[in-house]
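S.K.: Before I ask anything, let me first share the structure, which is written out below as structure tokens.
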Amino acid sequence: MRHRTTADEIEGLLHICDRDLEKAGIIEVGPDWRLSIAYNAALQAATAALAAAGYRAKKEGQHYRIIQSLAFTIRANPAVIKQLDKFRRKRNISDYERVGMVTGQEADEMIALAGRLRRDVELWLRNEHPDLVKGI
């Protein structure tokens, strides 16, 4: 769907991403939640890129669509999109069906992926949409 964003919206999404990246690093939370929190961080960064490009994902299949949009917004490597989608499926299972299936290594990988995506989105925004970058 077409969407007109603002610098405030982009800043808000990236602040949520930053908050979630910080919270995902708390070891005591456990790997299931760390992965879920880091996944949300990545999703917020991808949502910011999609909004900056002038779109918003429809509700049905929203997370999948937002992840796939990275190929068209920041021109993310297909391997990154594939890895993020793998974590999307893992997160769905751990959030809704079964606990204890996420390892600490997987949580760490998701945190690292979200951090890289956050940096890539900010760089893309600064290059492609400098008018939307203010307090980030």
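Here, each number is a calculation from the coordinates, and none is a lab measurement. Note that the structure is a prediction, hence the values are computed from the model and not measured. When we count neighbours, we look across all protein chains shown, and the Cβ atoms used for this are built from the backbone with ideal geometry, even at glycine.
S.K.: Which residue out of Glu106, Glu128 is in contact (Cβ under 8 Å) with a residue 24 or more places away in the chain and under 24 Å from Glu28 (Cβ atoms)? Reasoning before the result, please.
M.R.: Numbers: Glu128 fails: under 24 Å from Glu28 (Cβ atoms).
Checking each option against the conditions leaves just Glu106.
S.K.: For the condition buried (at least 23 other Cβ atoms within 10 Å of the Cβ) and free of Cβ contacts under 8 Å to residues at least 40 places away in the same chain, what is the one hit in Ile74, Ile66?
M.R.: Just one listed residue meets the conditions, Ile66.
S.K.: Right, another one. Every residue in segment 81-136 that is aliphatic (A, V, I, L, M), part of a loop (DSSP other than H, G, I, E, B) and under 22 Å from Leu50 (Cα atoms), please.
M.R.: Val133, Ile136
S.K.: Sticking with this one: For the subset of segment 59-80 comprising residues that are touching a helix residue (DSSP H, G or I) at 6+ places or on another chain (Cβ under 6 Å) and not in a loop (DSSP other than H, G, I, E, B), which member is nearest to Leu125 (Cα to Cα)?
M.R.: Per the stated criteria, the residue is Ser69.
S.K.: Kindly list the number of the only condition in (1) within 22 Å of Val102 (Cβ to Cβ); (2) touching a Leu at 6+ places or on another chain (Cβ under 8 Å); (3) in contact (Cβ under 8 Å) with a residue 24 or more places away in the chain; (4) of a type outside the set (Phe, Trp, Tyr) that fails for Ile81.
M.R.: (3)
S.K.: Give me the residue from segment 77-94 that is of a type in the set (S, T, N, Q) and under 12 Å from Leu113 (Cβ atoms) and, out of that set, surrounded by the most Cβ atoms within 10 Å (Cβ to Cβ).
M.R.: So the residue we want is Gln83.
S.K.: Would you mind finding the one in Glu60, Glu28 that is free of Cβ contacts under 8 Å to residues at least 40 places away in the same chain and closer than 20 Å to Glu106 by Cα?
M.R.: On inspection, the qualifying residue turns out to be Glu28.
S.K.: Right, here's the next one. Name the residue that is nearest to Ile16 (Cα to Cα), counting only residues in segment 27-42 that are small (Gly, Ala, Ser) and part of a helix (DSSP H, G or I).
M.R.: The selected residue is Ala41.
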